[in-house]
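Below is one structure, written out as structure tokens; the observations come after it.
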Protein chains: 2
Amino acid sequence: MVRHVTLPRSETWCLPGARVEDVQTRVPEVVEQHPTASAIVVHVGSNDIRLQQSEKLKSDFTSLIQTILATGKKCIVSGPIPSACFSDMQFSRIRQLHAWLVGYCSRERVPFVDNFGSFWRRRSLFARDGRHLNRAGASLLASNLELALEAHHTPR
Amino acid sequence: MVRHVTLPRSETWCLPGARVEDVQTRVPEVVEQHPTASAIVVHVGSNDIRLQQSEKLKSDFTSLIQTILATGKKCIVSGPIPSACFSDMQFSRIRQLHAWLVGYCSRERVPFVDNFGSFWRRRSLFARDGRHLNRAGASLLASNLELALEAHHTPR
């Protein structure tokens, strides 16, 4: 769950505890409510990491991305954040998810926002629970997303 | 110039003060000396920012990337780093270069390593001159590159 992330000319939906398939089921609703929006940015995945089903997670992401693309909107994937509280096992899993997403998004020409290096080993960007971002962390995530949105609207 | 960046199964060439076109002229030499290398990662651009010729810089990057691709090797672009010593003008220029590179690499399906968020406002990753990376900065850059190399060799 990511709070306090605001971007110009955008609306943020926050779904506490949502997993990838939960976000997918909400896509039609989002599209219906925002018919003129040109792009949907998704930031999800950390809640799925705990479930240890990496093949299902890849399949869920594939479905989510294809569902968004089928609406005719641009899909932008905001990459996973290595939480300060992750165990070695969880860290390894999120790194694998990141690597897979980079490759998949590249092949599908879906813009991918790389958050890995920005948050890696930076405890000061997380809330006390080490899991959620604090204001500084949310601000950095917003900055990464804004830069990506700008980059993908840059003239040739 | 980036020193102290070492990656497994890779060789690092460091060309002090090099600009994009200087790197391009060295491509044939690199390819000749490393016939079995599968990919060339380029990290260059900061030295060009001072020259204030953004259209020439885009043209030089286009030539560099196409020169590498023409050799049959994979080309990976390591994105620009916002130095701690940049003026507002230089920062704005490097941000524009970043945005343009993200778009160009995406269209050409050239893997792009996003270093922007990792180094933004992190004085502690730079040497005293605020321009070159220190050991911690070089280590983070190596980690970003390693993750990207891993990601682009990840099975589907």
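The values are calculated or read from the model by the stated rules, or taken from the named source; none is laboratory data. It should be emphasised that the depicted structure is a prediction, and the values quoted were computed from it without experimental measurement. Positions of Cβ are backbone-derived with ideal geometry, glycine not excepted, and every protein chain shown enters the neighbour counts. Each accessible area value is taken on the protein alone, full model and side chains, heavy atoms only, with ligands, DNA and RNA left out. Shrake-Rupley method; radii C 1.70, N 1.55, O 1.52, S 1.80 Å.
So here's what we get for this one:
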| item | result |
| --- | --- |
| Tally, over region B:11-21, of residues that are free of Cβ contacts under 8 Å to residues at least 40 places away in the same chain and either open to solvent by 60 Å² or more (accessible area, probe 1.4 Å) or more than 23 Å from residue B:98 (Cβ to Cβ) (or both) | 4 |
| Subset of region B:140-155 that is touching a residue at least 40 places away in the same chain (Cβ under 8 Å) and more than 8 Å from chain A (Cβ to nearest Cβ) - its residue that is most open to solvent (accessible area, probe 1.4 Å) | B:146 |
| Residue count, region B:16-48 (criterion: over 13 Å from the mean Cα position of the chain (by Cα) and among the β-branched types (Val, Ile, Thr)) | 5 |
| Sole exception among (1) open to solvent by less than 10 Å² (accessible area, probe 1.4 Å); (2) within 10 Å of chain B (Cβ to nearest Cβ); (3) touching a Phe, Trp or Tyr at 6+ places or on another chain (Cβ under 9 Å); (4) closer than 24 Å to residue A:58 by Cα for residue A:77, by number | (2) |
| Residues of region B:130-139 that turn out to be open to solvent by less than 10 Å² (accessible area, probe 1.4 Å) and either at the interface with another protein chain (Cβ under 10 Å from one of its Cβ atoms) or not in a loop (DSSP other than H, G, I, E, B) (or both), as a count | 2 |
| Residue satisfying all of: in region A:109-126; touching a helix residue (DSSP H, G or I) at 6+ places or on another chain (Cβ under 9 Å) and loosely packed, with under 15 Cβ neighbours inside 10 Å; farthest from residue A:8 (Cα to Cα) among these | A:121 |
| Residue that is at pLDDT below 95, facing another protein chain (nearest Cβ under 9 Å), open to solvent by 10 Å² or more (accessible area, probe 1.4 Å) and more than 11 Å from the chain's Cα centre (by Cα), where the choices are A:96, A:90 | A:96 |
| Helices (runs of 4 or more DSSP H) (entirely within region A:33-124) containing at least 2 residues that are without any contact (Cβ under 8 Å) to a residue 12 or more places away in the chain | A:54-70, A:88-108 |
| Single residue of A:112, A:126, A:116 found to be within 8 Å of chain B (Cβ to nearest Cβ) and touching a Gly at 6+ places or on another chain (Cβ under 9 Å) | A:116 |
